[in-house]
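Undergrad: Quick one: the structure is below, questions incoming.
The values are calculated or read from the model by the stated rules, or taken from the named source; none is laboratory data. Just so you know, these numbers come straight off a predicted model, no measurement behind them. As a convention, Cβ positions derive from the backbone with ideal geometry for all residues, glycine included, and neighbour counts pool all protein chains shown.
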Amino acid sequence: MPLIPKRFYSYLILDVLKQFGITAMILVVVIAFGAAIKPLSSDQLLSGWDTVKYLLLAIVPMLQFAIPFSAAFATTLVLHRMSQDNEITAIALSGQSYVRILSPVIAFGVCLTITLVVLTQLVIPKFVGMMATAMTADLPKLLTQSIKQHTPFVQGDLVIWAEDIYLDQDNADDRMVLEHVAVAKRDKSGEAEMYLTASAALVDVERVDSSSSLYVMAKDATQWTRGEGNAGVLRGAKKTNVMQGIELPSIAHARPSSLSMFELLALTENERAFPEVNHAALHLQSTLEKKTILEAMSSTISNNDELVLHSQSGGRTFALRANRLVGNNFKGDVTINVTNATGDETKLVPSSVRTIFDTNEEGFVNSVTLQMKNVLVGAGEEGENVRSELVIPNLSIEGMAFHSGEIQSVAELIEQTEGEEKGTVHAARKRLDTSLTNMHNQILGRVNQRFALSLLPLLIVLLGSVMAIRNATLPPLVVYSKVFGPAIVALLLVFAGGQMVRDNRIVQGFIVMWCGNLVVMAMVLRHWLILRKT
């Protein structure tokens, strides 16, 4: 059997590559512009350069969509034209098999699949992270734009509103002065867990790697912080600092889509690198610490001993007596003897006392607050009076050291909670288990979704080739539409199946994820068998 001339192979593959290059360039720009429509319409991009930068970054992630359809379009058009000119028929009649005729196209599809594996697993996640970072990196400009438009600046769980803003250009705009400012930090349900209002505030931006934190120093400020059981502590001061830096959510690090395959797999060895797991682990560690402190306090009360608390500012000492401690509440006849720094003593007799734990950003206890209701102040003294509520913040407990802030591994935390079947520790452990399951589902879903997507170029290139040869009498765009339809359905099923796996519907997700590719593969085999008989 004579060999197919190399000139034919060169002619075929060069024509395919030319059509592929032109189509891919047009398609990827169009898709990248479509990806930028949302930030453009929401005025998040601030200048022409920001827009260009975002579009350039979006080009690489959009290759995963442009490559398969551009390759299918190129092979379909080129082979359809060659079939119409009877070039394919002539070579086939000379005794050449269709496998040998289409071998350059098959090799082209294999190369595209390998390229897409590298892109989706290693390269594209980096650019997804860069796109997300590009939207949040210029914090002063974003803040300035929001405030100038008299709209709140919302970034994750952080909300900032002010009447005006001034930037310190000598500090690269990382220091800002806000007039008549309100700052709020929200929980997952959207309710405030901290808010601060002030006549003026100095805001410093601290950047570490790709994460940013705000440090707020306020004048004539009022700050409310939510404690245990939705109770709150209200503080006012002429000058004050927010207790901890307000961390801005790093979109690039928070989104698993910005992690490469190796970074996703590495999470199984370092679970706390996954934000959801880390938050759940911090919550469990904080819950364990609070339980230990409450048990120690309960033991002291049960032994009819005084529970001595010291104010971290002001030098006051509080000697508390009660019958028992139930949860966070002192029960029975509760009395508190207060000794001032000068040695003066007074007695408090509240109807109820609740312990509220004050925690830092990581959830570790750094002080406790006593919240008292219907308090008889100066009991037995001249001028005694009753106050409906009395809150004493920033207390340390004598003989008890609060957590040093040492981070424990997930395995250590799970080991400490073995046997817990109810209560706050059990609930926190369940939250950690759920977050670990979500992490593993994210890894499983994203890695396999990327592999399923990477196989699509080879399959639709083969489908376009056999369809073009079989339907030489039809217009080329009609032939391509018969390829495009199954390909777009397969693409949608890949992403739908990946989402189902991430939603913990693993079996159904894998079926949906791969069924589109299997259908395209079945179509290729069917048309191939028919083509061989002609």
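Undergrad: Can you tell me which residue in segment 503-520 is surrounded by the fewest Cβ atoms within 10 Å (Cβ to Cβ), limited to those that are in contact with a helix residue (DSSP H, G or I) (Cβ under 8 Å, 6 or more places away or on another chain) and without any contact (Cβ under 8 Å) to a residue 24 or more places away in the chain?
TA: If we take residues in segment 503-520 being in contact with a helix residue (DSSP H, G or I) (Cβ under 8 Å, 6 or more places away or on another chain) and without any contact (Cβ under 8 Å) to a residue 24 or more places away in the chain, then Q508 is surrounded by the fewest Cβ atoms within 10 Å (Cβ to Cβ).
Undergrad: Another one. Restricting attention to segment 16-57, and to residues there that are surrounded by 14 or more Cβ atoms within 10 Å (Cβ to Cβ) and of a type in the set (F, W, Y), which single residue is modelled with the lowest pLDDT?
TA: That would be Y54.
Matching residues to (1) crowded, with 20+ Cβ neighbours inside 10 Å; (2) under 26 Å from A280 (Cβ atoms); (3) in contact with a strand residue (DSSP E or B) (Cβ under 7 Å, 6 or more places away or on another chain):
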| position | (1), (2), (3) |
| --- | --- |
| L444 | no, yes, no |
| L459 | yes, no, no |
| M467 | yes, no, no |
| N471 | no, no, no |
| V483 | yes, no, no |
| V501 | yes, yes, no |
| A522 | no, no, no |
| R526 | no, no, no |
| T534 | no, no, no |
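Undergrad: Can F364 be described as closer than 30 Å to E263 by Cα, under 23 Å from the mean Cα position of the chain (by Cα), in the same structural domain as S311 (by TED's automatic domain parsing) and of a type in the set (A, V, I, L, M, F, W, C)?
TA: For F364, the condition - closer than 30 Å to E263 by Cα, under 23 Å from the mean Cα position of the chain (by Cα), in the same structural domain as S311 (by TED's automatic domain parsing) and of a type in the set (A, V, I, L, M, F, W, C) - is met.
Undergrad: Can you report the number of residues in segment 300-334 which are under 29 Å from T424 (Cβ atoms), among the hydroxyl-bearing types (S, T, Y) and modelled with pLDDT of 90 or more?
TA: Residues in segment 300-334 being under 29 Å from T424 (Cβ atoms), among the hydroxyl-bearing types (S, T, Y) and modelled with pLDDT of 90 or more: 0 in total.
Undergrad: Answer yes or no: is there a residue in segment 399-417 that is over 35 Å from the mean Cα position of the chain (by Cα) and either over 22 Å from S299 (Cβ atoms) or of a type in the set (S, T, Y) (or both).
TA: No, there is no match, as no residue in segment 399-417 is over 35 Å from the mean Cα position of the chain (by Cα) and either over 22 Å from S299 (Cβ atoms) or of a type in the set (S, T, Y) (or both).
Undergrad: Filter segment 366-395 for residues that are hydroxyl-bearing (S, T, Y) and buried (at least 16 other Cβ atoms within 10 Å of the Cβ) and give the result.
TA: S367, T369, listed by residue number.
Undergrad: Let me ask another. Any idea which residue in segment 418-445 is modelled with the lowest pLDDT, counting only those that are acidic (D, E) and part of a loop (DSSP other than H, G, I, E, B)?
TA: Ranking the candidates gives E421 first.
Undergrad: All but one of (1) in a loop (DSSP other than H, G, I, E, B); (2) at positive phi; (3) in contact with a strand residue (DSSP E or B) (Cβ under 7 Å, 6 or more places away or on another chain) hold for A379, so report the exception by its number.
TA: (2)
Undergrad: Return the residue satisfying two criteria in turn: it lies in segment 396-427 and is in contact with an Asp or Glu (Cβ under 7 Å, 6 or more places away or on another chain) and without any contact (Cβ under 8 Å) to a residue 60 or more places away in the chain, and of such residues it is surrounded by the most Cβ atoms within 10 Å (Cβ to Cβ).
TA: In this case the residue turns out to be H426.
Undergrad: Please specify each residue of segment 89-102 satisfying the condition of being of a type outside the set (V, I, T), without any contact (Cβ under 8 Å) to a residue 12 or more places away in the chain and in a helix (DSSP H, G or I).
TA: Hits for segment 89-102 are A90, A92, L93.
Undergrad: Something else now. Looking at V154, V203, V208, which is the one that is surrounded by 16 or more Cβ atoms within 10 Å (Cβ to Cβ), over 30 Å from L63 (Cβ atoms) and either at pLDDT below 80 or of a type outside the set (V, I, T) (or both)?
TA: Matching residue, one of V154, V203, V208: V203.
Undergrad: Of the residues in segment 167-200, how many are at pLDDT below 80 and closer than 17 Å to T144 by Cα?
TA: Adding up the residues that qualify gives 9.
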